[in-house]
1. Using DSSP to define loop residues, name the trypsin sites (Lys or Arg not before Pro) in the range 18-99 whose beta-carbon has at most 14 other beta-carbon atoms within 10 Å.
2. How about the range 103-183: which GluC sites (Glu not before Pro) there are in a DSSP loop, with at most 15 other Cβ atoms within 10 Å of their Cβ?
3. For the range 223-235, take each phi angle, set θ = phi - 60°, evaluate the Karplus expression 6.51 cos²θ - 1.76 cosθ + 1.60, and give the result in whole Hz per residue in order, putting x for glycine and proline.
4. Checking understanding here: applying a Kyte-Doolittle mean of at least -1.0 and a length along the axis of at least 20 Å (C-alpha), which whole DSSP H helices in the chain pass?
5. Can you compute the charge dipole magnitude of the chain about its Cα centre, using +1 on each Lys and Arg Cβ and -1 on each Asp and Glu Cβ, nothing else charged? Give it in debye, rounded to the nearest 20.
6. Over the chain, give the accessible area per residue in Å² for a 1.4 Å probe, as an integer.
7. I'd like the accessible area for residue 85, computed on protein heavy atoms only with a 1.4 Å probe and all protein chains in place. Round to 10 Å², please.
8. So if each residue of separation counts as 0.36 nm, and I subtract the Cα-Cα distance between residue 204 and residue 160, what length gain in nm does that give?
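The values are calculated or read from the model by the stated rules, or taken from the named source; none is laboratory data. Only a predicted model underlies this, so the values are computations on that prediction, with no experimental measurement involved. No Cβ is skipped: glycine too gets one built from the backbone with ideal geometry, and neighbour counts run over all protein chains shown. What goes into the accessible areas is simple: the full protein's heavy atoms, side chains included, and nothing from ligands, DNA or RNA. Shrake-Rupley method; radii C 1.70, N 1.55, O 1.52, S 1.80 Å.
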Amino acid sequence: MNRKVVSGNWKMNLTWSEAQTLFKDLTSELSRQKATCRVIVAPPACYLSGLAALKSSDISLSAQNCHQEPKGAYTGDISAIMLASMGVEYCLVGHSERRQNYGESNELLSRKVNALLASKVNPIYCCGEVLEQRKSGDHFKVVGAQIAQGLFHLSADEFSNVIVAYEPVWAIGTGETASSDQAQEMHAFIRKTVAEKYGEEIAHSTSILYGGSCNAANAQELFSRPDVDGGLIGGASLKCDDFTKIIRSHG
Ligand code: PEP
């Protein structure tokens, strides 16, 4: 599996008409010149089946969230089984906006991960420290705990389906990017943590993405670092030109 990935997170943006235009533009750009990385987009859930029907072989679809239970009286929620039944291949888990706005804990996220893997949907597991934790030097401890508590109950086989996205919360949507040294340092730490649990081979094949104000101007520098396998892109994934430049930043 190609370790290099660029994934867009559209969050709660775009009308259906705008979403189709962006998806179609990306599809034609990628059919003109193939990407060297896996390309994933995570649109709002209500657009997933419509975009799946457009059938782009160069773009995989991701959900932004799912419920931990397979079905039931959970008004407004979507299960992993439903995502799988629409051909959705990936799902974000534990984005900092969900951790902060909905109080999603590592324990809850571990159950979402289980639900996704049971439906053969690949989790993109988000982790990252807030500014105070970085300032107090606790960032490795925080990220290590997020990963251990959310993922380390998995078997090695199960874990090999997970993508990890390191997103320092202070860099998300703020225009302040982690330096490539800061990103590399944390990504190397994450890979070492995975190696200690699952061994070198699995750690070596795990995709670890950087997210947080990554854009067309800084992606190349970030992706050039040995443990940065690509990006989870918010704002800059909403414009075809910018997102394409980020995809092309992979050598
Ligand atoms: C994100 O929300 O995952 C993200 C990285 O956002 P932005 O690129 O806008 O900082």
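1. The qualifying sites are 34, 55, 71.
2. Answer by residue number: 176.
3. 6, 6, 7, x, 9, 9, 8, x, x, 10, 10, x, x
4. Qualifying helices: 16-32, 180-198.
5. Magnitude of the dipole: close to 420 debye.
6. Here the per-residue accessible area is 45 Å².
7. It works out to around 100 Å².
8. That works out to 14.8 nm of additional length.
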